[in-house]
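Structure first, then comments.
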Amino acid sequence: MHSYTEKRTMAFTREQIFSLAADIESYHEFLPLWLTARVVERKGDELIVDQVVGVGAFPLEFVSHASLKHPDHIRIISRDGPFRYLDINWNFESASASSCVTRLSVDFELSSPLFETLLTLLFKRSLRQVLRAFEKRARELYD
C-alpha cells in the first residue's frame, strides 16, 4: 500500500474549503488528475461517484463512495477499476475565524502489478498538486 499526506493552512474558512472538496463534480475544472466526476447516486450525505482520473497517458475509471460530514470531514473510498484499495480522507479544522487547516490523506494500492510502479509514481506526483489547486480555486471563488 502507498500513502500520501499533506497538511496546509489556508486563508479560508473550513466551510469554504469543505464546500470545494464536496463539489466533486467540479474537480475536472481545477484538479490536475480529474478528467470527469459524476454523482450517480445521492442519499443525504452519502454519494456514489463515477470518476475518470488521468494519470499520465492512462485514464483510470472507477466508482467511489463519498461520505460527507459537514464541515469537518470527507471520506472517499473505492475498490473499483484500477484500485485494489483507495481511501481518501479530508479533514478541516478552524485555525481562526478566517482560516483553516486542511489535511489530505490518501492510501492506495493498484490492482495491476504491471502498472504498479509507473502509475504509483505518476499518481503521487499529481497528488502533491491537489491542495495547491484547491487553494488556488478558493482564491478564484472567494477573494
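Every number in this text was worked out from the coordinates using simple rules, so none of it is lab data. Computed from a predicted model, the values in this text were never measured in an experiment. Every residue, glycine as well, gets a Cβ built from its backbone with ideal geometry; the counts of neighbours run over all protein chains shown.
Tabulated results
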quantity: Gain on full stretching of the segment that runs from Leu114 to Glu140 - 0.36 nm per residue minus C-alpha separation; calculated: 5.4 nm
quantity: Gain on full stretching of the segment that runs from Thr36 to Ser94 - 0.36 nm per residue minus C-alpha separation; calculated: 17.9 nm
quantity: Cα centroid separation - region 95-128 against region 15-94, whole Å; calculated: 12
quantity: Kyte-Doolittle mean at least -0.5 and Cα axial length at least 15 Å: DSSP H helices in the chain; calculated: 116-127
quantity: Farthest toward positive dipole pole in the chain [+1 Lys/Arg, -1 Asp/Glu at C-beta], among Ser26, Ser67, Tyr142; calculated: Tyr142
quantity: Taking the C-alpha atoms of region 71-128, convex hull volume expressed per residue in Å³; calculated: 76
quantity: Relative contact order (percent, whole number), region 29-97, Cα cutoff 8 Å, 6+ residue spacing; calculated: 20
quantity: Principal semi-axes in Å for the chain [√(5λ), Cα gyration tensor, largest first]; calculated: 25, 16, 14
quantity: For region 1-77, size of Cβ-based charge dipole, Lys and Arg +1, Asp and Glu -1, in debye; calculated: 240
quantity: Positive-end extreme of charge dipole, region 1-111 - chosen from Ile17, Ser99, Gln51 (charges on Cβ); calculated: Ser99
quantity: Proximal lysines relative to Lys124, as straight alpha-carbon distance under 27 Å, when same-chain residues fewer than 8 apart are discounted; calculated: Lys7, Lys69, Lys136
quantity: Dipole magnitude of region 1-134 about its Cα centre (Cβ charges: Lys, Arg +1; Asp, Glu -1), debye to nearest 20; calculated: 380
